Amino acid sequence: MNQKTAKLLSISMAALIAATATGCGSGSSGGSDSGKAKISDARKDNNGKEISYWNISTESPDKDEIAQVVDEFNSTTKSGFSADVVPIQNDNYKEKLVVAMSSGECPDMYSNWSGGPLHEYVDSGFAQPVDDLFNKSEIKDKLMDAAVSQATYNDHIYAVPYKNVAISGIFYNKKMFKDYNLEEPETLSDLENICETLKKNDITPFALANSSKWTGSMYFMNLAVRYGGLEPFQKAISGEGKFTDESFIKAGDKIQEWVKSGYFPEGVNSLSEDDGQSKQLMYQEKAGMLLGGSWYTVTFAQDSKEFYQNIGWFPFPAIEDSDADPAIQIGTVGDQFLSFSCKDDKLAAAFECAEDHLSDEMIDKEIKSGKIPPVKGIDSKITDPITKKVAKTATDAPDIQLWYDQDLPPAVSTAHLDSLQEVFGLTKTPQEAQETMQKAMEDYLNDQK
Amino acid sequence: MDKFKKSKQKSILSWTIAIILATIWFVISFLPFIFMIINSFKEKFEMLTKGVFQLPDKLQWSNYMEVLNGGFLNYFRNSVVVLAISLILLLFIAACASYPLARFQFKLRKSIYAMIVACMSIPVHITLIPVFKMSKSTGLYDSIWALIGPYIAFAVPISVFILTSFMKEIPREIEESAEIDGCGKIRMFFSIILYLSKPGLATLAIYNGVNMWNEFSFAYTLTQSSENRTLPLAIWEFQGQYSMNIPMIMAVLTLTLLPMIIMFIIFQDKLVKGMTAGAIKG
Amino acid sequence: MNQKSSLIARRKQSTNKVAVLFLAPVTVLMIVYIFYPIIDTFITSAYRWNGISTEKVFIGFNNWKKLLSDQHFWIAFTNNLIIMVLSIIIQLPVGLSLATFLDFGGKKTTVFKVIWFIPLLMSSVAIGFLFTYALATNGGIVSTISNLLGRGNIDLLGNPKTALFTVILVICWQFIPFYMVYFMAAFTNIPVDVFEAARIDGATRGQYFWKIALPLLYPSIKSAAILSMVGSLKYFDLIYVMTNGGPGTSTELMATYMYKQSFKTFNMGYGSAVASGMFILITMVSLITMKLMNGRKEN
């Protein structure tokens, strides 16, 4: 058959398939669309009365929770505006935001992780200050102080935190600990003893997948904050101090010590967190502990309720002869922060929608799905033992430092993560890594002038 | 007699070696595909505990059911439409452009050809923002039509490059005898050149078809609502904030792959036909 | 005399008209989707810009100066070159052998053809995932084999010295089928009579291949080499999925570096400089190579 016939054939095949698919496939559904929520797909803003809202809750239950909040807002608000939520997958969400902002199509309301990127959004004019609205609102007293401070930049409030308090801590296999007579450690040397015992019994102490680089940073941040408190970091970021401060070097040294002692999985820098290779080690009982954000409670619970029953949790232990306050934690108080690029009436309406994310109803739903909304007194409402413990630890913390790779300006964050990965791979000394990080920070500060 | 036997033995030996090597490569090509399918039948937690290489306890068809009940058919339809239109237009446009570049002599020929080759060097990502802005201003944003332009445009340089080298191989005599018969350039193109370029066009169809089918960056940037998404974005449905549902993703990937395999099986014999029949006789 | 020259002139005119007509669609597409973004990118490279704000600060050639002394970029370029060389050495010969096998084997080998083609059909996401597990230090295929041989686990992707070569092998796995198909199509350009004539003259298959077919395939091999080169210099997908440029910078490529600068670290201005630099390097390399290859042949 000649070329023309072939082309004709392919066109008709395509048309046939298209027709069939259209006929039997549903028109506009996408994914598990449960609940009465109207997750309408974004259309052109007809009369300016629509608030475009982007977030990353693409999966149930989060997706449904958000849908219900938005639905509720749309039906009860008297502002004359309605919100239209577009859930976007986490992976490239930041890039998509960048593309939207740079072409003048920034969504009216969007969630972000606060820290460095939020500062960029603010500096570029894509996040409006909401101090007035906030002070008049009831969420002012509802939210944890730490949450509000993570939403603050240059003394103004630029976001509404709402979803989850996630601090880092160590998840461990309770049965394993029992079998080897291990108890939750109070100090770092206790922790190291646990590691030794596990190692002697052919179990990798820490389940870590470090190809994504930020997972290794968990160890670094916790060690640094236990060695030196929060000041070194805060000073280094403002330019008054340096990232070559002692506490950081000690943290790096300790990590390399642990690498050489075999406390991390072999080939740790090639394991992929996103592909589940760290939690896999836990499930296969090849590793005993996992230092990670408390969102892991949801992960473990979703993956296997049975396994979750066997999980325990403790915060990162204190380091003897260190002055630092061991109650300080690393984490995010909010996890998702809602920022606004719109103004005036629309801003007020959007803010109202954001407030609804902190309604008692929403809070209860989030607790049910295992999250810790960043409101005061939350731990009394929680029933799940681990989540309760996490919530209490967070509430008791005098200060909660946001993850470095989130707090730092992105360029410095990259320098940090790249060189830390090399520290894990023993191809860079902690001193070198810190110097690289410091240089990146200096470059950034110079650019700002 | 001896020499004949020896050469026959040599030939059998070389064929045996060839078949062994071919089988090795066969296994290497096939294994990952098999693993993909095996894992698509596992249950989520099972995959994490037992690892990637074990057989599933039992065949979980539920993964496929859930994928198909989701927006899969919708994504599939979008992918098919985008692919069909883009590919057909691409083949036509590339063929049109390759013809003068391969067979004519005219002033700017070399420079135009060099420019097209230079265009092969563009990393796609830098065009994301300008193309995004364009699609917004033309109102095409968030529709599958926004994808067709970029898909064709980015496939053209390589396609023209490949096709011109094929067209150059067509012997002059055919053109000359057609010219003597009074055939104009345009008619020559449609009746002769296109026909003789079938293998080249088939190569292009395969290569570009696969690329467009699996294309992610533009699909991600230029569409928003789920009803306008194409297949590569479908794996999103199963990548949540907390964890990936890997067996589901494997199911989606397998389902995405199958149409391509089927198309290839159907169309690959055109390549064979070209080969055994011989493109040109005398 | 006059009639003949005006006939030739008219022929030339009509040829030119046809050329313009046929090249029109391509030109329009190029201008809209390629030239405009490239120019835009070059312009942006002269600014310091975070990619989102309306404020762009003009800094002239500063980004370019930074680029020239940016070790990270030149390491990436070197990695691209390594990929380029190894890809040509591995992918083309293997692809050619597969195509030859299929050509000689005829219809009986169709099943090989279909299965051999599958790697090219799989999306990079699928390939990246499967091979990350297959090459895992603990429990992956390579490690299992080396354990059986008593050598213990082997860390391929986490070791900066081996990561790049490992990914290159996976890239070869993915793209060899393309060259297989490409050369299969090239074989069709060899007239059957040539093969018949060779056989009549008593040539063996081997002699036919080395002395006759290969030289005839030479132009296709050259084009394939250029395609491979450009593809290697532009490469992004599997590296991004499997190693993201790590560990450290051992697998960083120009494209991944550019992507990170433009979209992840709010350095769109510098990212554009990287992209423009990439474009210049790749174009230069391809045009020089093409000129060298076509040197002797008449155009």
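The values are calculated or read from the model by the stated rules, or taken from the named source; none is laboratory data. Worth saying up front: this structure is predicted, and the values here are computed from it rather than measured. So basically every Cβ, Gly included, is an ideal-geometry build from the backbone, and we count neighbours across all protein chains shown.
In this structure, A:ILE237 does not satisfy being at pLDDT 95 or above and assigned to a helix (DSSP H, G or I).
Suppose we keep only residues that are outside any helix (DSSP H, G or I) and out of contact with any Lys or Arg (no Cβ under 9 Å at 6 or more places or on another chain) within the stretch B:160-176. Which one would you say is surrounded by the fewest Cβ atoms within 10 Å (Cβ to Cβ)? Result: B:PRO171.
I need the full set of residues from the stretch B:115-145 which are under 21 Å from the mean Cα position of the chain (by Cα) and within 16 Å of A:VAL99 (Cα to Cα), in order please. The answer is B:VAL124, B:HIS125.
Residue check: A:ALA301 meets all listed conditions (1) among the aliphatic types (A, V, I, L, M); (2) within 14 Å of another protein chain (Cβ to nearest Cβ); (3) in contact with a Leu (Cβ under 8 Å, 6 or more places away or on another chain) but one, namely (3).
Pairs are defined by a Cβ separation below 7 Å, a sequence spacing of at least 6 or placement on different chains, a first member in the stretch B:162-187 that is in contact (Cβ under 8 Å) with a residue 24 or more places away in the chain, and a second member that is in a loop (DSSP other than H, G, I, E, B) and among the small types (Gly, Ala, Ser); the pairs so defined are B:LEU163/B:SER197; B:PHE166/B:SER197; B:MET167/B:SER197.
Comparison of C:GLY231, C:GLY245 shows that the only residue that is more than 7 Å from chain B (Cβ to nearest Cβ), touching a residue at least 12 places away in the same chain (Cβ under 8 Å), crowded, with 17+ Cβ neighbours inside 10 Å and part of a loop (DSSP other than H, G, I, E, B) is C:GLY245.
Restricting the search to helices (runs of 4 or more DSSP H) fully inside the stretch C:1-106 and requiring at least 1 residues that are in contact (Cβ under 8 Å) with a residue 40 or more places away in the chain and surrounded by 15 or more Cβ atoms within 10 Å (Cβ to Cβ) gives C:36-44, C:62-68, C:71-105. Only helices (runs of 4 or more DSSP H) whose full extent lies in the stretch A:369-449 are considered here, and the ones with at least 3 residues that are over 21 Å from A:ASP325 (Cβ atoms) are A:385-396, A:410-424, A:430-448. Being among the acidic types (Asp, Glu) and within 14 Å of chain A (Cβ to nearest Cβ) is a description that applies to C:ASP155.
Would you tally the residues in the stretch A:209-234 being small (Gly, Ala, Ser) and part of a helix (DSSP H, G or I)?
Count: 4.
When the stretch A:101-158 is filtered for residues that are within 12 Å of chain C (Cβ to nearest Cβ), assigned to a loop (DSSP other than H, G, I, E, B), out of contact with any Phe, Trp or Tyr (no Cβ under 6 Å at 6 or more places or on another chain) and small (Gly, Ala, Ser), the ones remaining, listed by number, are A:GLY104, A:SER124, A:GLY125. So A:TYR263 clears everything in (1) within 14 Å of another protein chain (Cβ to nearest Cβ); (2) over 22 Å from the mean Cα position of the chain (by Cα); (3) part of a loop (DSSP other than H, G, I, E, B) except one condition, right? Which one? The one condition A:TYR263 does not meet is (1).
From the list A:LYS392, A:LYS388, the one residue that fits, being farther than 26 Å from A:VAL69 by Cβ, free of Cβ contacts under 8 Å to residues at least 40 places away in the same chain and either buried (at least 21 other Cβ atoms within 10 Å of the Cβ) or of a type in the set (Lys, Arg) (or both), is A:LYS392. Quick one: would you say B:ALA84 is assigned to a helix (DSSP H, G or I) and more than 13 Å from chain A (Cβ to nearest Cβ)? When the stated conditions are applied, B:ALA84 does not pass them.
Scan the stretch C:270-299 for residues that are within 16 Å of B:LEU128 (Cα to Cα) and surrounded by fewer than 24 Cβ atoms within 10 Å (Cβ to Cβ) and the total you get is 2. Scanning the stretch B:143-159 for residues that are over 30 Å from B:PRO199 (Cβ atoms) and surrounded by 20 or more Cβ atoms within 10 Å (Cβ to Cβ) gives B:ILE144, B:ALA146.
Out of the residues in the stretch C:272-285 meeting the condition of being farther than 12 Å from C:ALA46 by Cβ and in contact (Cβ under 8 Å) with a residue 40 or more places away in the chain, tell me which one is nearest to the chain's Cα centre (by Cα). Steps first, answer last, please.
Of all residues in the stretch C:272-285, those farther than 12 Å from C:ALA46 by Cβ come to C:274-275, C:277-285.
After this cut, where a residue has to be in contact (Cβ under 8 Å) with a residue 40 or more places away in the chain as well, the list is C:274-275, C:277-279, C:281-282, C:285.
Numbers: C:VAL274: 19, C:ALA275: 17, C:GLY277: 18, C:MET278: 14, C:PHE279: 14, C:LEU281: 14, C:ILE282: 11, C:VAL285: 13 Å.
Residue satisfying both the conditions and the ranking: C:ILE282.
Got a sec? Which of A:GLN431, A:GLN438, A:GLN421 is within 11 Å of chain C (Cβ to nearest Cβ), in contact (Cβ under 8 Å) with a residue 12 or more places away in the chain and closer than 17 Å to A:ALA224 by Cβ?
Every option except A:GLN421 fails the conditions.
Taken together, A:SER270, A:SER217 contain a single residue that is closer than 23 Å to A:GLY115 by Cβ, assigned by TED's automatic domain parsing to the domain that holds A:THR427 and of a type in the set (Gly, Ala, Ser), which is A:SER217. Taking the criterion of being at pLDDT 80 or above and at the interface with chain C (Cβ under 8 Å from one of its Cβ atoms), the residues of the stretch B:125-156 that qualify are B:THR127, B:PRO130, B:VAL131, B:MET134, B:GLY149, B:PRO150, B:ILE152, B:ALA153, B:PHE154, B:VAL156. Residues that are part of a strand (DSSP E or B) and in contact with a Ser or Thr (Cβ under 9 Å, 6 or more places away or on another chain) within the stretch A:160-200 comprise A:VAL160, A:PRO161, A:ASN164, A:VAL165, A:ALA166, A:ILE167, A:SER168, A:GLY169, A:PHE171, listed in sequence order. How do the pairs read when you match residues in the stretch A:70-97 that are without any contact (Cβ under 8 Å) to a residue 60 or more places away in the chain and within 14 Å of another protein chain (Cβ to nearest Cβ) with residues anywhere that are among the basic types (Lys, Arg) and part of a helix (DSSP H, G or I), using Cβ under 8 Å and keeping only pairs 6 or more apart or on different chains? Filtered contacts from the stretch A:70-97: A:PRO87/A:LYS63; A:ILE88/A:LYS96; A:LYS94/C:LYS264; A:GLU95/C:LYS264. Among residues that are farther than 30 Å from B:MET244 by Cβ and of a type in the set (Asp, Glu), C:ASP103 is included. I'd like to check something: does the stretch B:49-56 contain any residue that is at negative phi, more than 8 Å from chain A (Cβ to nearest Cβ), within 24 Å of the chain's Cα centre (by Cα) and aromatic (Phe, Trp, Tyr)? No, that holds for no residue. Checking each residue in the stretch B:205-214 for being surrounded by 21 or more Cβ atoms within 10 Å (Cβ to Cβ) and within 9 Å of chain C (Cβ to nearest Cβ) picks out B:ILE206, B:VAL210, B:TRP213, B:ASN214. Using the structure shown, decide if C:THR256 is in contact (Cβ under 8 Å) with a residue 60 or more places away in the chain, more than 18 Å from B:ILE126 (Cβ to Cβ), outside any loop (DSSP other than H, G, I, E, B) and within 11 Å of chain B (Cβ to nearest Cβ). The answer is no for C:THR256. In the set (1) more than 7 Å from every other protein chain (Cβ to nearest Cβ); (2) of a type outside the set (Lys, Arg); (3) surrounded by fewer than 23 Cβ atoms within 10 Å (Cβ to Cβ), the condition left unmet by B:SER197 is number (3).
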